Amino acid sequence: MDWAPLVSTSLGAVIGIASTLATDQVRTRRGRQDNDQAARRQLYGDYLAALARTRNQLRMAARPAGLPAAERARRAAEAFHEGNAYELRYQIAVVAPQTVVEASTAAFRALRDLRDRVEDGAHHTSPDYVQARDRWESLLTELRKAMRRDLGREVF
């Protein structure tokens, strides 16, 4: 009896099964990576929106010239409380790479410093407010760049 056809058929079956399993493994890993990236993209968008809401509320608290200092401080604190940035920042710390976490922390702290200026009574034209605002905007730009790099997007 000639064993060659049986051996080659068996070997072909083993190769076919192995390649199917390898392809399925690659497809599963790729699907997981795509899902992870989609989740990070959503989280990044939500976080940037929360920062923008908070920043807008701080701007509205710093604008009225005749607003009493206590009311200005209350509005600034409320902006941070309602902005939802704290919660999302912790989620960023869990799922994002270190570069995004560091940029997120720096931007968040700059926004918190801006809040502190408003709570201290700064008006939107006060030099310390303007300086804090400019620092915030610079660090927000760096955060967006880090997020884009993480998502494999062009950074400009």
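The values are calculated or read from the model by the stated rules, or taken from the named source; none is laboratory data. Please read all numbers here as calculations on a predicted model, not as lab measurements. Cβ sites come from the backbone with ideal geometry, for glycine too, and all protein chains shown count toward neighbours. Each accessible area value is taken on the protein alone, full model and side chains, heavy atoms only, with ligands, DNA and RNA left out. Shrake-Rupley method; radii C 1.70, N 1.55, O 1.52, S 1.80 Å.
Please tell me if residue 72 is modelled with pLDDT under 95, crowded, with 17+ Cβ neighbours inside 10 Å and within 20 Å of residue 45 (Cβ to Cβ). Reasoning before the result, please.
Details: modelled with pLDDT under 95: yes; crowded, with 17+ Cβ neighbours inside 10 Å: yes; within 20 Å of residue 45 (Cβ to Cβ): no.
No; evaluated as a whole, the condition is false for this residue.
So that you can scan it fast, the table gives a plain yes or no per residue for (1) closer than 16 Å to residue 136 by Cβ; (2) in a helix (DSSP H, G or I); (3) open to solvent by 40 Å² or more (accessible area, probe 1.4 Å):
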| site | (1), (2), (3) |
| --- | --- |
| 53 | yes, yes, yes |
| 93 | no, yes, yes |
| 110 | yes, yes, no |
| 122 | yes, no, no |
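Would the range 77-95 turn up any residue that is within 13 Å of residue 59 (Cα to Cα) and acidic (Asp, Glu)?
yes
What number of residues in the range 139-156 are closer than 26 Å to residue 113 by Cα and open to solvent by 80 Å² or more (accessible area, probe 1.4 Å)? Explain how you work it out, then say what you get.
Narrowing the range 139-156 to residues closer than 26 Å to residue 113 by Cα: 139-148.
Now drop any that are not open to solvent by 80 Å² or more (accessible area, probe 1.4 Å), which leaves 142, 144, 148.
Residues flagged as closer than 26 Å to residue 113 by Cα and open to solvent by 80 Å² or more (accessible area, probe 1.4 Å) within the range 139-156 amount to 3.
Run down 66, 83, 121 and say which single residue is on the phi > 0 side of the Ramachandran plot, at pLDDT below 95 and small (Gly, Ala, Ser).
Every option except 121 fails the conditions.
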